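One structure below.
The values are calculated or read from the model by the stated rules, or taken from the named source; none is laboratory data. Since this is a predicted model, take the numbers as computed values, not measurements. Counting neighbours? That spans all protein chains shown, and the Cβs are built from the backbone with ideal geometry, glycine included. Surface accessibility is based on the protein's heavy atoms, side chains included, excluding ligands, DNA and RNA. Shrake-Rupley method; radii C 1.70, N 1.55, O 1.52, S 1.80 Å.
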Amino acid sequence: VQLQASGGGLAQAGGSLRLSCVASGSVNAMLWYLQYPGKQRQWVAVINSGGVTNYVDSVKGRFTISRDSAKNTVYLQMKSLEPEDKTVYYCKAVTVKARGCSHYWGQGTLVTVSS
């Protein structure tokens with residue numbers, strides 16, 4: 001499975017951006033992570049195949065993860081952006097098969113927030 005992320009760019013503090021990530025095949029859970037320079041990737045949000053979502057506390061109420069399973073696409077709607085949201089975001093997909101779980105990463109997409 002290959003993932004292609006897009007949607008990063010420049011937004012003002014308080015503004016919005018929507019990230020998208022398209023998978024080349026059917027997947028189960030889809031996730032978004034962020035990574036600050038020199039730091040480990042941090043989980044941001046997850047949506048499973050049933051549409052159940054969960055978020056890290058810092059983005060609850062501001063970010064919304066959703067998916068279009070027919071298009072194998074996950075979205076991250078980012079609102080009320082804060083300067084701390086400025087970093088690179090990565091999508092991840094998980095497939096679950098009889099032989100086990102597989103994890104796939106997309107390339108990063110940069111979000112810049114101007115104050």
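Go through segment 72-107 and give me each residue that's open to solvent by 30 Å² or more (accessible area, probe 1.4 Å) and in a loop (DSSP other than H, G, I, E, B).
If we filter segment 72-107 for residues that are open to solvent by 30 Å² or more (accessible area, probe 1.4 Å), which is where we start, we get 72, 75, 77, 79-80, 82-84, 86, 88, 90, 96-99, 101-105, 107.
Listed by number, the residues that qualify are N72, K79, S80, E82, K86, A98, R99, Q107.
Summed over segment 42-68, residues that are more than 19 Å from E82 (Cβ to Cβ) and either polar (S, T, N, Q) or surrounded by 12 or more Cβ atoms within 10 Å (Cβ to Cβ) (or both) total 8.
Can you spot a residue in segment 72-92 that is of a type outside the set (S, T, N, Q) and farther than 22 Å from T112 by Cβ? No, there is no match, as no residue in segment 72-92 is of a type outside the set (S, T, N, Q) and farther than 22 Å from T112 by Cβ. Pairs linking a residue in segment 73-102 that is free of Cβ contacts under 8 Å to residues at least 40 places away in the same chain to a residue that is among the hydroxyl-bearing types (S, T, Y) and part of a strand (DSSP E or B), with Cβ atoms under 6 Å and 6 or more positions apart or on different chains, are K86/T112. On the stretch given as segment 24-57, residues that are free of Cβ contacts under 8 Å to residues at least 12 places away in the same chain and either among the charged types (D, E, K, R) or not in a loop (DSSP other than H, G, I, E, B) (or both) total 4.
In this structure, does V52 turn out to be of a type in the set (A, V, I, L, M) and out of contact with any Pro (no Cβ under 7 Å at 6 or more places or on another chain)? Yes: the conditions hold for V52.
Taken as a whole, the condition of being open to solvent by less than 40 Å² (accessible area, probe 1.4 Å), touching a Pro at 6+ places or on another chain (Cβ under 6 Å) and more than 15 Å from S6 (Cβ to Cβ) applies to V113.
Whether a residue is under 13 Å from the mean Cα position of the chain (by Cα), more than 19 Å from T109 (Cα to Cα) and crowded, with 19+ Cβ neighbours inside 10 Å was assessed, and A29 passes this test.
Under the condition of being open to solvent by 60 Å² or more (accessible area, probe 1.4 Å) and assigned to a strand (DSSP E or B), which residue from segment 7-23 is farthest from T95 (Cα to Cα)?
So in segment 7-23, the residues open to solvent by 60 Å² or more (accessible area, probe 1.4 Å) come out as 10, 12, 16, 18, 22.
Cutting the leftovers down to assigned to a strand (DSSP E or B) gives us 10, 12, 18, 22.
On the way: L10: 32, Q12: 36, R18: 24, V22: 14 Å.
Checking each candidate, the answer is Q12.
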